[in-house]
Amino acid sequence: MKLLLDQNLSHQLCFELGDLFPVIKHVKEFSLDKATDQEILEFAKQNNYIIVTKDSDFNDKIREVEPKVIWIRKGNCTTESIKILLRNNFSNIESFSKDTQNSILIF
């Protein structure tokens, strides 16, 4: 399971969640921090990443099961609260990564 953090999430989460998610990257690591949503979707699809975002636009752009998107619908919140959310939902995320029917997981 590979996670790709969107630009609206802190790159610090890569360090703070690396023990649970060994392959967790931020879009800026691939020079995608200024990329369009469509470019990020294509990159994630080609490289088997699950996108983690707070951006509702991804929900509108998903047309297939791949790439998968984890949509965090919390308003203004701290990086710490997102870290806790992802940690507490590790088993849900793991199950979602194997799900062949659903393309979006909403928290």
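The values are calculated or read from the model by the stated rules, or taken from the named source; none is laboratory data. These numbers were taken from a predicted model, which means no experiment stands behind them. Cβ placement follows ideal geometry from the backbone for every residue including glycine, while neighbour counts extend to all protein chains displayed.
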For region 15-53, how many residues are at negative phi and over 11 Å from the mean Cα position of the chain (by Cα)? 25
If I ask for residues that are surrounded by 15 or more Cβ atoms within 10 Å (Cβ to Cβ) and closer than 13 Å to Phe21 by Cβ, which ones from region 86-107 would you list? Leu86, Asn89, Ile93, Phe96, Ser97
Listed by range, strands (runs of 3 or more DSSP E) wholly within region 20-107 having at least 3 residues that are modelled with pLDDT of 95 or more are 23-26, 50-53
For region 39-53, pairs from a residue that is crowded, with 21+ Cβ neighbours inside 10 Å to a residue that is polar (S, T, N, Q), with Cβ under 7 Å and 6 or more apart or across chains, are Ile50/Ser97; Thr53/Asn8
When you scan region 2-19, do you find a residue that is in contact with a Phe, Trp or Tyr (Cβ under 9 Å, 6 or more places away or on another chain) and among the basic types (Lys, Arg), even just one? yes
